[in-house]
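So the structure is just underneath, and the comments pick up after that.
The values are calculated or read from the model by the stated rules, or taken from the named source; none is laboratory data. Note that the coordinates shown come from a computational prediction; the quantities given were computed from them, not determined experimentally. Ideal geometry is used to build each Cβ from the backbone, glycine not excepted, and the neighbour counts take in all protein chains shown.
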Amino acid sequence: MAAFSSLEEQRRLAANITRFLALYGHIADAYVIEFFTDNLWGSLPLSWQAALAHLTPPQLAALLLEDRRSPEASSVWPLSLLAFRATAHSLAFPRRAGGQGGTSGSEGPEEFQGNPLQSARLHPLFRKHVKPKKQHEIWRLGQVVKRLSELTGCHHIVDVGSGQGHLSRFLAFGLHLPVIAVEGDARLVTQAAKFDQEVLQALEKEEVTGSQAPGGLSPQGPRHVVGWVDPEAPWTEFLHLLQPRQDPGGSPEGAAGMLLEKRSCPPITVPREGRRAGAGREDNPAALEDGGLGEGQGGPRLLLTGLHACGDLSVAVLRHFARCPQVGAITSVGCCYMKLTTEETGPCPYEWGYPLSSWVASLPGHQLSYKAREGACHALEDYIGRLRRQSPGLQTHCFRATLETVIRAVDPAKRRLGVQTIKKAHTLSFQEYARLGLERLGLEASLALVPPEPLAAMLAQEQQVVVFFCLALLLAPVVETLILLDRMIYLQEQGFQCELLPLFDPHFSPRNLVLLAAKTKLGSFLRGLSAET
């Protein structure tokens with residue numbers, strides 16, 4: 001299945017996914033910790049149980065998750081299982097660049113072949129404080145943002161959910177783009193401003209010694225804004241959030257602004273009337289004409305970018321792009337799909353985070369449970385590696401499922417309690433693991449309520465637990481594809497061109513699909529952006 005298809009093909013794919021999930025969504029909805037309490041193994045067809053029960057972890061990786069032959073496997077699978085596997089693979093967007101589906105290949109990007117901790121493509125100043133995964137992401141996304149900025153004339157970048165500012169810092173200092181970084185957590189903005197200052201000090205030191213700025217870096221850094229991008233707010237309020245602010249009290253936002261007094265990112269024009277009270281909202285055509293927000297009014301055109309913006313924050317980026325005349329392009333990499341608002345979350349004062357499009361909302365069975373959306377965030381390629389290595393940590397699935405039985409024996413009212421990660425659980429006996437887990441939950445650390453024979457029988461089913469987890473994991477890319485399809489179809493329903501690119505190496509960055517959209521007609525050029533990086 002090619003990720004780059006027409007609107008009609010995308011609609012057809014979305015409809016096919018909802019029909020497929022109507023048959024097998026119960027697997028994606030299941031919690032593996034309830035493997036024993038809810039008899040999840042018994043929910044599978046008997047023919048599936050017989051075919052899968054004795055496969056080794058490497059065979060599960062090859063036969064199920066990678067859809068390729070394994071010479072060690074001799075059993076014949078039932079047609080229903082073969083169809084399940086083939087359909088799941090065919091419905092999911094390709095996760096590797098160049099349209100190559102599947103999960104085999106290099107265990108990391110070439111840029112880390114010399115040093116697994118340092119990207120060879122990124123300047124040392126942008127590698128400081130940044131993990132390899134993020135180094136890989138900010139370099140590749142930065143190249144796409146810069147090229148899209150040039151193509152669309154959107155020369156002012158707004159980094160939504162900027163965190164500690166790693167992407168913003170690279171865009172501004174490294175790629176010479178005027179950047180406004182928006183982050184709701186003031187502590188992260190404080191840290192971002194500190195890291196910006198380190199870059200400035202390094203540049204000033206180079207200037208004092210008489211050498212040129214290293215790597216052609218710019219002395220112009222990002223401007224930081226502390227604030228939430230409210231999905232409910234009109235776009236005029238979003239633009240108001242981007243205005244420079246005076247803060248003599250020295251708050252994090254003020255500190256960041258002081259760093260950037262000489263920067264070249266001008267204020268954004270906002271209509272006088274446009275606030276939450278009602279006047280100037282996007283449904284008021286007069287406000288659009290009089291507010292100076294149109295492309296021809298001389299104001300700066302914005303490109304919004306969000307690198308793993310969680311839940312509805314990614315959705316807010318799409319909505320502001322669709323409704324705000326000042327925003328001409330976006331790049332969006334989603335994350336934390338379980339945090340999306342849906343009908344499942346209850347009454348909502350604004351549109352849901354999923355579904356966005358009228359088309360997907362009209363499909364029977366389009367609903368996605370919290371568990372299915374949470375599963376769509378799992379790292380498929382990483383788990384395949386664990387299966388290949390037969391990692392001892394796979395045992396933890398069975399330990400936690402058995403512990404769930406113990407917890408409910410202690411208190412039947414307690415279900416799916418969050419047990420913090422127990423380090424090196426695979427090195428412990430189950431008794432020690434259970435003691436630590438129960439203590440963390442404030443429950444009596446006793447296994448007396450569960451007889452030793454049933455306990456031993458559950459622990460002996462470790463392989464079956466891993467099998468069921470793999471079946472659910474196989475559906476994760478299908479669920480993610482439906483969520484991203486919904487966003488693409490939404491943008492096209494609004495009349496905008498968009499593309500979905502597998503931009504990052506999936507072994508490094510599991511959420512590796514970037515959604516690009518522009519109000520400028522770019523033909524097929526958006527598709528070439530991935531190859532250029």
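Look through 171, 177 and report the one residue that is without any contact (Cβ under 8 Å) to a residue 40 or more places away in the chain, closer than 20 Å to residue 518 by Cα and not aromatic (Phe, Trp, Tyr). Talk me through it step by step, then tell me what you get.
Numbers: 171 fails: without any contact (Cβ under 8 Å) to a residue 40 or more places away in the chain.
From the options 171, 177, the qualifying one is 177.
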- Could you tell me whether region 372-382 includes any residue that is free of Cβ contacts under 8 Å to residues at least 40 places away in the same chain, surrounded by 15 or more Cβ atoms within 10 Å (Cβ to Cβ), under 22 Å from residue 39 (Cα atoms) and in contact with an Asp or Glu (Cβ under 8 Å, 6 or more places away or on another chain)? no
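Within region 150-168, take every residue that is small (Gly, Ala, Ser) and surrounded by fewer than 24 Cβ atoms within 10 Å (Cβ to Cβ) and give me the one that is nearest to residue 514 (Cα to Cα).
From region 150-168, those small (Gly, Ala, Ser) are 153, 161-163, 165, 168; that's our starting set.
Retained after the next criterion (residues that are surrounded by fewer than 24 Cβ atoms within 10 Å (Cβ to Cβ)): 153, 163.
Details: 153: 20, 163: 18 Å.
Residue satisfying both the conditions and the ranking: 163.
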- Collect the residues in region 435-473 that are hydroxyl-bearing (Ser, Thr, Tyr) and under 30 Å from residue 48 (Cβ atoms), keeping them in residue-number order. none
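Kindly indicate which of 464, 497 is closer than 19 Å to residue 391 by Cβ and either touching a helix residue (DSSP H, G or I) at 6+ places or on another chain (Cβ under 9 Å) or of a type outside the set (D, E, K, R) (or both). Please lay out each step first, then the result.
Working: 497 fails: closer than 19 Å to residue 391 by Cβ.
Exactly one residue qualifies, and that residue is 464.
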- Taking the stated definitions as given, is residue 114 at positive phi and either assigned to a loop (DSSP other than H, G, I, E, B) or modelled with pLDDT under 95 (or both)? no
- Message: Checking residue 297 against (1) at pLDDT below 50; (2) farther than 30 Å from residue 141 by Cα; (3) surrounded by fewer than 18 Cβ atoms within 10 Å (Cβ to Cβ), only one condition comes out false. Which one?
- Response: (2)
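Does residue 399 fit the bill of being in contact with a Cys (Cβ under 9 Å, 6 or more places away or on another chain) and aromatic (Phe, Trp, Tyr)? Lay out the reasoning, then the answer.
Details: in contact with a Cys (Cβ under 9 Å, 6 or more places away or on another chain): no; aromatic (Phe, Trp, Tyr): yes.
In short, no.
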- Message: Go through region 469-497 and report how many residues are free of Cβ contacts under 8 Å to residues at least 60 places away in the same chain and either crowded, with 22+ Cβ neighbours inside 10 Å or in a loop (DSSP other than H, G, I, E, B) (or both).
- Response: 1
- Would you point out the residue of region 359-380, among those that are part of a loop (DSSP other than H, G, I, E, B) and of a type in the set (A, V, I, L, M), that is nearest to residue 344 (Cα to Cα)? 368
- Tally time: how many residues in region 384-418 are of a type in the set (A, V, I, L, M), under 23 Å from residue 476 (Cα atoms) and surrounded by fewer than 19 Cβ atoms within 10 Å (Cβ to Cβ)? 1
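Among 206, 198, which is assigned to a helix (DSSP H, G or I), out of contact with any Lys or Arg (no Cβ under 9 Å at 6 or more places or on another chain) and in the same structural domain as residue 125 (by TED's automatic domain parsing)? It would help to see each step written out before you state the result.
On the way: 198 fails: out of contact with any Lys or Arg (no Cβ under 9 Å at 6 or more places or on another chain).
So the residue among 206, 198 that is assigned to a helix (DSSP H, G or I), out of contact with any Lys or Arg (no Cβ under 9 Å at 6 or more places or on another chain) and in the same structural domain as residue 125 (by TED's automatic domain parsing) is 206.
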- Regarding residue 202, is this residue within 19 Å of residue 127 (Cβ to Cβ) and either surrounded by fewer than 23 Cβ atoms within 10 Å (Cβ to Cβ) or at pLDDT below 90 (or both)? yes
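Quick grid of which residues meet (1) out of contact with any helix residue (DSSP H, G or I) (no Cβ under 7 Å at 6 or more places or on another chain); (2) over 25 Å from residue 29 (Cα atoms); (3) outside the structural domain of residue 50 (by TED's automatic domain parsing):
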site: 417; (1), (2), (3): no, no, no
site: 422; (1), (2), (3): no, no, no
site: 427; (1), (2), (3): yes, yes, no
site: 431; (1), (2), (3): yes, yes, no
site: 442; (1), (2), (3): yes, yes, no
site: 447; (1), (2), (3): no, yes, no
site: 450; (1), (2), (3): no, yes, no
site: 456; (1), (2), (3): yes, yes, no
